[in-house]
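Okay, so here's the structure we're looking at.
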Amino acid sequence: MMRLPKFEYRTPPTIAEAVKIMADVGPVGQFVAGGTDLYPNMKRRQQMPKTVISVMRLDELHRIIGDGSHGLHIGASVTLTDICENEIINRDYPVVAQAARTISTPLLRNMGTIGGNLLLDTRCNYYNQNYEWRKGINFCLKKDGDICWVAIGSSKCWAVQSSDLVPVMVAIGAKLKFASTLGERVVDAAGLYNDDGIDYLRKRPDELLVSIELPTTNGWRASYQKLRRRGAFDFPVLGVAAFIKQENGSVDAAKIILGGIAPSPVEIKEAGSLLIGKPLDEDQIQAAAEAAYVKARPLDNTDFVYQWRKQMARQYTLRALRELL
Ligand SMILES: Cc1cc2nc3c(=O)[nH]c(=O)nc-3n(C[C@H](O)[C@H](O)[C@H](O)COP(=O)(O)OP(=O)(O)OC[C@H]3O[C@@H](n4cnc5c(N)ncnc54)[C@H](O)[C@@H]3O)c2cc1C
Ligand code: SF4
């Protein structure tokens, strides 16, 4: 049985206290929400905070306020189950509920939060193993070692962004609000993710994710398709989020975002451009799906053969766009 290392556990009741504790303890501190990602990582000695600061008692982080006409504010500690069941999210932002429903299992969705999901650690077959396994291969760049087993000779880690909600939030243009002792800042979801498996977030460790702000639903629609081995439990090894906005029968704006294939979500700009200025029809969808296939470069560090995952980028883009017909 894998045991957690010893750590101090803090449960501040306000955001001000949470960020103050983090500022006081410095780099040995880490926030935790549902703990479904952090605690397994601690058991495998991949993340080793000495002070763990829970964000689950912060009332503001549990609120869902607004709707599609005004924009929706979702607190970072809202659980995935609440996202799946929320009436307004299902009515006005069905793609968010749809993607959340594909995450892991009902039990993990009861514990896991939207904030934890958007800040998930990157994953790799050579990293998501217990300590003894990793020691057996002399570790790797991401933790304790000096070699990348996926790309020997690479000075960069290629561990994969594996959240189902990240591609969706990037596609629909969500914004994320952070707080620290230095104040607040709001960033576009698209700007948060860095193409590096170790340094995968463009945020400081002391910044607390407060909320996710969804844009008004002014005529856009979006869909999400996920590739995984089993119908539950498994992380995405390819996720396709498709976004389109139509006006007078033709596509005004379009985005295709691929998740699960690189350290950050990947926008296939060519696919979006091919859709703009024309009605959405089967020919345009086929062309966009081909562009996604050409540009997708999955890595050989997750489940399934990577060449097949590349082929699936075409199929899953087809499916995501056909849902929007
Ligand atoms: C078996 C299994 C299967 C899974 N399958 C999937 C899957 O299919 N798809 C998927 O997307 N995920 C999956 N997950 C991952 C995880 O369960 C979910 O992503 C979940 O939403 C994480 O949320 P959490 O609240 O538990 O995060 P935590 O573990 O609490 O935190 C995750 C990270 O976010 C940070 N963090 C959390 N909240 C905040 C905050 N407010 N401010 C700053 N930092 C914060 C933590 O420090 C940590 O680094 C799976 C996990 C397991 C164990
Ligand atoms: S991509 Fe390379 S460095 Fe990163 S976790 Fe995998 S083996 Fe380690």
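Residue count for segment 129-149, restricted to those that are on the phi > 0 side of the Ramachandran plot and either within 9 Å of ligand 2 (Cβ to nearest atom) or under 23 Å from the mean Cα position of the chain (by Cα) (or both): 1. A single member of SER104, SER77 is farther than 28 Å from PHE139 by Cβ, in a loop (DSSP other than H, G, I, E, B) and in contact (Cβ under 8 Å) with a residue 12 or more places away in the chain, and it is SER77. Each residue in segment 214-227 was checked for being surrounded by fewer than 18 Cβ atoms within 10 Å (Cβ to Cβ) and not in a loop (DSSP other than H, G, I, E, B), and 1 pass.
When the residues of segment 277-324 are filtered to those that are within 16 Å of ligand 2 (Cβ to nearest atom) and among the hydroxyl-bearing types (Ser, Thr, Tyr), the one that is nearest to TYR126 (Cα to Cα) is THR302.
Going by the conditions given, is SER264 assigned to a loop (DSSP other than H, G, I, E, B) and among the small types (Gly, Ala, Ser)? So SER264 fits the description; yes. Within the option set ARG297, ARG309, ARG319, being closer than 21 Å to GLY197 by Cβ and part of a helix (DSSP H, G or I) holds for one residue only, ARG309.
Of all residues in segment 141-160, none that is under 19 Å from ARG297 (Cβ atoms) and without any contact (Cβ under 8 Å) to a residue 60 or more places away in the chain has its Cβ atom under 7 Å from the Cβ atom of a residue that is in a strand (DSSP E or B) and more than 8 Å from ligand 2 (Cβ to nearest atom), 6 or more apart or on another chain.
Readers should treat all values here as calculations from the given coordinates under stated rules, not as data from a laboratory. The structure displayed is predicted, hence computed values, not measured ones. No Cβ is skipped: glycine too gets one built from the backbone with ideal geometry, and neighbour counts run over all protein chains shown.
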